[in-house]
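Single-structure report; data block below.
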Number of protein chains: 4
Amino acid sequence: MHFFSDNATPVCPDVMVAMMAADRADHGYDGDQWSARLNGAFSDLFGTSATVLWIATGTAANSIALACLCPPYGGIICHDEAHIAVDECGAPGFYTHGASLMTLPGQGAKLSPDAVTERLRAIRPDVHQVPARAISITQATEYGLAYTPDEVAALGAVAQSEGLGFHMDGARFANAVAHLGCHPGDVTWRAGVDILSFGCVKNGGMIAEALVFFGDRAEGRAAEAARWRKRAGHLSSKGRYLAAQLLAMVEGDLWLRNGRAANAAARALAAGAERRLIHPVEANELFIRLTAGEAAALRAQGFDFHDWGEGAARLVTNWSQDAASVQPLADALRALAA
Amino acid sequence: MHFFSDNATPVCPDVMVAMMAADRADHGYDGDQWSARLNGAFSDLFGTSATVLWIATGTAANSIALACLCPPYGGIICHDEAHIAVDECGAPGFYTHGASLMTLPGQGAKLSPDAVTERLRAIRPDVHQVPARAISITQATEYGLAYTPDEVAALGAVAQSEGLGFHMDGARFANAVAHLGCHPGDVTWRAGVDILSFGCVKNGGMIAEALVFFGDRAEGRAAEAARWRKRAGHLSSKGRYLAAQLLAMVEGDLWLRNGRAANAAARALAAGAERRLIHPVEANELFIRLTAGEAAALRAQGFDFHDWGEGAARLVTNWSQDAASVQPLADALRALAA
Amino acid sequence: MHFFSDNATPVCPDVMVAMMAADRADHGYDGDQWSARLNGAFSDLFGTSATVLWIATGTAANSIALACLCPPYGGIICHDEAHIAVDECGAPGFYTHGASLMTLPGQGAKLSPDAVTERLRAIRPDVHQVPARAISITQATEYGLAYTPDEVAALGAVAQSEGLGFHMDGARFANAVAHLGCHPGDVTWRAGVDILSFGCVKNGGMIAEALVFFGDRAEGRAAEAARWRKRAGHLSSKGRYLAAQLLAMVEGDLWLRNGRAANAAARALAAGAERRLIHPVEANELFIRLTAGEAAALRAQGFDFHDWGEGAARLVTNWSQDAASVQPLADALRALAA
Amino acid sequence: MHFFSDNATPVCPDVMVAMMAADRADHGYDGDQWSARLNGAFSDLFGTSATVLWIATGTAANSIALACLCPPYGGIICHDEAHIAVDECGAPGFYTHGASLMTLPGQGAKLSPDAVTERLRAIRPDVHQVPARAISITQATEYGLAYTPDEVAALGAVAQSEGLGFHMDGARFANAVAHLGCHPGDVTWRAGVDILSFGCVKNGGMIAEALVFFGDRAEGRAAEAARWRKRAGHLSSKGRYLAAQLLAMVEGDLWLRNGRAANAAARALAAGAERRLIHPVEANELFIRLTAGEAAALRAQGFDFHDWGEGAARLVTNWSQDAASVQPLADALRALAA
């Protein structure tokens, strides 16, 4: 049983069925009937008018969102362990034509409003220094923590008062909302988020994420994003297969059910590894202290996962699991502890 | 019955089956067993050692290829109706960071060695002018013509003697090879092509094209292309679904069978529209003279297609058709002519 | 006596004196008292409120202007022999992050409104094609012709009705205005020009051109241009030496006097070469038919100039000349003709 | 008497005289006789074959150097207070097309080999992370410290063993060498530096810096840099005025004399402010503790300078000063201390 990454898991059957249903002739690019339903489906989900584009990967979604919010000479405030900063080979720099990432430390890979404000205060308002133009946060964070609606809103308030765009990388948005138990609008547009990268692939999709634009400027930004999408070679010619994945997720509650399942599995593991936890377990990732010997012992039992530096490991659960299915690893962890 | 575009057609069942077979847990990105088979499969197909990357779209494949061959201050010689020049929203400019397209006219959307040479002669070798660094051709061309091995080799010779990279946009490569009846190596690496965008989507795939690197510099360029692919957000996290589509095409002869089927359909239509042809029909596209009244008459009979300016139309056939299945349109065309 | 280029000539003494006068301690960058006078001096000259930035070269001025008017995915309509298209090593592509130049033919290197309109009509309004966003013309043109106020206004009207920005490369603006005898506002803001690259170097300066922003959006665009200027390394730390050159030109009528002198010299040469002229002589450039033997004969007499392809030559006069000083070449040309 | 910046000072008379001497007709761009002497003059100065380009500003010099050493997907290791990181409005991101600055802390704005090595160790060698490709240091540093030959060589050794390019921002190179008393080659090419931005403007020039390329790859890189220079609009059409400034500096020992003068002035001030020094004074900058009241007292006596955050100030001396000329401020500082 592997706990490498939610990417390593197969496609969720409901998603695959939806793709099969879209396997028929229709207009190319995003001129098809599935793509046409995206705005409505996401508007219903978020309880507000949203404009939505499908896109193949989270890296592209994040980067295009940032290109809509930040000019080449601007800066994007993010955590220094943010995926956009450390795992996208500089994609934001590519799409924004050289904008700067202004990285900040923060517990559990979370940005705090105070840290952001302090960073902003240090920028001289002359042409020599890069002006901040956007904030980007990850929900759930790179350490599996969920920003609460209040936490997001506090950052949103800073963004608004400083005239910054506000982007949320929601690669594991479903897991965060499943944990928070809130309405998805509560941690996005109601809290000031302008653009959300809504994750689908890690949550059971094959190759589709959604760029969701909120607010008065949604349509204008989405129109510009559509240009970036084409220009970046991301306007797939058979877009219906991407749209179908997203609709399968959000026209019902599949996205949330899958998120809950993965979270439940993570909680079950956490219960077996309570004293080892480096971060609280709120989504579907566990970061635990684990010696090399213990790691070897678990692997000998057929469990696999990534080491996380010296003496630690990262375990990722996914939509196809639940508390029961991961119980063997939970037990093995508990046994180690003894 | 529609003849809009090969993109409007469903996925070929053999490809879909291959994707289903890849629907299991494996390593993410391109660390999976399907991706690992690409180099071998394409090397076998082309009869030479090739290095291969999957990528979601032809636009991305073309642009990354060009970024490997041309610096930002360089120029890329292509036809003035090339897809890269007129239908990719400036994607080559994005990926190459501003390289110039040097467009040339030419019968049937083909570049001629003489025109290329003349264009090169007109460039002063100083820093004020953009130096040409690459040639890009489309196989089959935007007007459905196939470059013969000799024609490609003549351009390849110019590229080599002038120190230019040589790229082939093979969105309809299968149709070209099916028409030529040659070995796929004859119109690529043996003729001097450095990088081929091997089309799969128009030929029955869902969302996957192949970037095929030939020659001594193949590995180095592919390594750089892998950086661009990641940086552009094109490194899908479940790459096995893309690799599987390509393998389904090239581990057998599906790619060629599909190309032949589409070509046969096009020839059948051409036989019914002989006097209307604006260009010879060699691949799966027909460009025909057709008055507005004639177009309306055909549409009234249930055939649909794109107008091509005033008094002309474009008909595209696809892998799911053959001579028999398009006979009704062939007959309708012939009837018009009477 | 050389007629290579106005760039080969020394700095005009009045400009040099002004630079000496600025050779004292003051604030760095553009915080000095000379830079502070630019907006006023140019507003007076053009008879409207203008916002002005000094910049070292015409290439940088042109490119920054275009970056203010055109997004990376947009297109800039210009003549196919425009300096920005053929003599700036792709600088517009660099500054605009890959925007496309949409080049058009036209007599005497002039764009015509009809040609522009026809080009615009050919662009499909979808995301696959690059949308035009700006028009750029050269005043005087690369063949030494001056657009009349009416001609500029006709292009300005197209720009306005199509929502395009309108840039004028005025490397030889003084020569054009000297020829036209009009108010400088008549061929710029009154005719719809948004941004003018006001040439100073060819007209007797050392290293300074002016970017002049007109209209309602002047301040906003100039503020953005100031970012580009810094980001491109063009914010000289001792900007007063650049500002002083521009002020020397425009606080009096030096710019126009210099332009008139060069034009008078050109007219004198033209009188000696009447039957040889390839283009009418309106500014300070002559393009003449001249055999290799004739060219050699002139060079043997001590005159030098650039060949212009086979059987032709380009002669450029400059601010330091006048009709009398170039009479020897005029005579020599006339003698050849005999 | 002001101590704002070395940029606020007039041009050194010897430089101005040299510019006057170049004020005659010659070939444009860098085809003139002054530009032709640069390689030789700098090769003599550094005791090795060097290839040299003039360029208007330090920001442009630094950025073009980095573009020669680092691809868009690469990273440049520098100090987190480096000029390229905090005072160039993202220029390196513009010229490198989005490369990442990898900033590190370090005493006195110096990078240490250990910190660099540790940073390199933390980068995974996969396509997800940005690979480091260059190191950039400032000589003297932003806090006025000079890297010794050994310190540079230690970083050079890291660069070499890791395959990184090595750039030195020498905006105050003269001051550093004047302090070190070493041969200029000892802190550059002999210590592994590939490209030096040789400062001239702060040291008495008007508008010219030198990009100096060392080593086997010097010519190839300089040829590429010449493309960037043109493409960025930095190829001034009357380049002889820039070349002349540089030659005035380095064909004799003006560069060093000027650096020594500024340093002597700084040492004199330091002697008056010994207990206030935040950093040792090695070049021409002092960073001192100074209360708001003390600052006001000095300003009341006619001395001016920049505050440096709360309770501190920065004083910059320049080529036109010496120990005697700044004695009044030294005395005033000493008086304060009492």
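Taken over segment C:29-41, the residue count meeting the criterion of being buried (at least 18 other Cβ atoms within 10 Å of the Cβ) and either among the acidic types (Asp, Glu) or more than 9 Å from chain D (Cβ to nearest Cβ) (or both) is 7. Under 30 Å from residue A:20 (Cα atoms) and not small (Gly, Ala, Ser): is that true of residue B:187 in this structure? Criteria not met by residue B:187.
Would segment C:268-278 turn up any residue that is touching a His at 6+ places or on another chain (Cβ under 6 Å) and not basic (Lys, Arg)? No, the conditions are met nowhere in segment C:268-278. Pairs linking a residue in segment B:136-163 that is assigned by TED's automatic domain parsing to the domain that holds residue B:69 to a residue that is acidic (Asp, Glu) and in a strand (DSSP E or B), with Cβ atoms under 8 Å and 6 or more positions apart or on different chains, are B:136/B:169; B:137/B:169; B:138/B:169; B:139/B:169; B:140/B:285; B:143/B:285; B:144/B:285.
Considered as a group, the residues in segment A:90-103 that are in contact with a Ser or Thr (Cβ under 8 Å, 6 or more places away or on another chain) and not β-branched (Val, Ile, Thr) include one that is surrounded by the fewest Cβ atoms within 10 Å (Cβ to Cβ), and that residue is A:101.
Candidates C:26, C:44: the one that is within 14 Å of chain D (Cβ to nearest Cβ) and either outside any strand (DSSP E or B) or crowded, with 24+ Cβ neighbours inside 10 Å (or both) is C:26. Of D:91, D:67, all but one fail to be over 28 Å from residue D:183 (Cα atoms) and within 11 Å of another protein chain (Cβ to nearest Cβ); the exception is D:91.
Selection of segment A:311-328 for residues being under 26 Å from the mean Cα position of the chain (by Cα) and either assigned to a helix (DSSP H, G or I) or over 13 Å from residue A:263 (Cα atoms) (or both) yields A:312, A:313, A:314.
I'd like the full set of residues that are in a loop (DSSP other than H, G, I, E, B) and more than 9 Å from chain D (Cβ to nearest Cβ), limited to segment C:2-21.
Going through segment C:2-21, the residues in a loop (DSSP other than H, G, I, E, B) turn out to be C:3-5, C:9-12.
Of everything in segment C:2-21, those that are in a loop (DSSP other than H, G, I, E, B) and more than 9 Å from chain D (Cβ to nearest Cβ) turn out to be C:3, C:12.
So is residue B:105 farther than 30 Å from residue D:93 by Cα, touching an Asp or Glu at 6+ places or on another chain (Cβ under 6 Å) and within 14 Å of chain C (Cβ to nearest Cβ) or not?
Values: farther than 30 Å from residue D:93 by Cα: yes; touching an Asp or Glu at 6+ places or on another chain (Cβ under 6 Å): yes; within 14 Å of chain C (Cβ to nearest Cβ): yes.
In short, yes.
Do you know which residues across segment D:216-259 are free of Cβ contacts under 8 Å to residues at least 12 places away in the same chain, within 14 Å of chain C (Cβ to nearest Cβ) and part of a loop (DSSP other than H, G, I, E, B)? Hit for segment D:216-259 is D:233, nothing else. The single condition among (1) within 12 Å of chain A (Cβ to nearest Cβ); (2) crowded, with 20+ Cβ neighbours inside 10 Å; (3) touching a residue at least 60 places away in the same chain (Cβ under 8 Å) that residue B:59 does not meet is (3).
Listed here are the residues, each with its yes/no results for (1) outside the structural domain of residue A:170 (by TED's automatic domain parsing); (2) in contact with a His (Cβ under 8 Å, 6 or more places away or on another chain); (3) within 19 Å of residue D:80 (Cβ to Cβ).
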| residue | (1), (2), (3) |
| --- | --- |
| A:65 | no, yes, no |
| A:100 | no, no, yes |
| A:113 | no, no, no |
| A:118 | no, no, yes |
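Scanning segment A:73-88 for residues that are surrounded by 24 or more Cβ atoms within 10 Å (Cβ to Cβ) and within 14 Å of chain B (Cβ to nearest Cβ) yields a total of 2. When residue A:65 is evaluated against the numbered criteria (1) modelled with pLDDT of 95 or more; (2) over 18 Å from the mean Cα position of the chain (by Cα), which criterion, by number, is the only one it fails? Condition not satisfied by residue A:65: (2).
Scanning segment B:314-338 for residues that are aliphatic (A, V, I, L, M) and within 17 Å of residue B:290 (Cα to Cα) returns B:315, B:316, B:329, B:330, B:332, B:333, B:335, B:336, B:337, B:338.
From the list D:82, D:109, which residue is farther than 20 Å from residue D:7 by Cα, at pLDDT 95 or above, small (Gly, Ala, Ser) and in the same structural domain as residue D:198 (by TED's automatic domain parsing)?
Working: D:82 fails: farther than 20 Å from residue D:7 by Cα.
Sole residue among the options that is farther than 20 Å from residue D:7 by Cα, at pLDDT 95 or above, small (Gly, Ala, Ser) and in the same structural domain as residue D:198 (by TED's automatic domain parsing): D:109.
For segment B:111-141, a residue qualifies if it is buried (at least 22 other Cβ atoms within 10 Å of the Cβ), in a loop (DSSP other than H, G, I, E, B) and away from chain C (no Cβ under 13 Å), and the qualifying residues are B:111, B:139, B:140, B:141. Inspect segment A:318-325 for any residue being buried (at least 20 other Cβ atoms within 10 Å of the Cβ) and touching a Phe, Trp or Tyr at 6+ places or on another chain (Cβ under 8 Å) and give the result as yes or no. There is no residue in segment A:318-325 that is buried (at least 20 other Cβ atoms within 10 Å of the Cβ) and touching a Phe, Trp or Tyr at 6+ places or on another chain (Cβ under 8 Å).
Of C:296, C:283, C:312, C:266, which residue is farther than 22 Å from residue C:39 by Cα, out of contact with any helix residue (DSSP H, G or I) (no Cβ under 6 Å at 6 or more places or on another chain) and surrounded by 24 or more Cβ atoms within 10 Å (Cβ to Cβ)?
Numbers: C:296 fails: surrounded by 24 or more Cβ atoms within 10 Å (Cβ to Cβ); C:283 fails: out of contact with any helix residue (DSSP H, G or I) (no Cβ under 6 Å at 6 or more places or on another chain); C:312 fails: surrounded by 24 or more Cβ atoms within 10 Å (Cβ to Cβ).
From the options C:296, C:283, C:312, C:266, the qualifying one is C:266.
For segment A:248-263, filtered to residues that are touching a helix residue (DSSP H, G or I) at 6+ places or on another chain (Cβ under 6 Å) and farther than 19 Å from residue A:7 by Cα, the residue that is surrounded by the fewest Cβ atoms within 10 Å (Cβ to Cβ) is A:251.
The values are calculated or read from the model by the stated rules, or taken from the named source; none is laboratory data. None of these values were measured; they are calculated from a predicted model. Here Cβ is always computed from backbone atoms with ideal geometry, including for glycine, and neighbour counts include all displayed protein chains.
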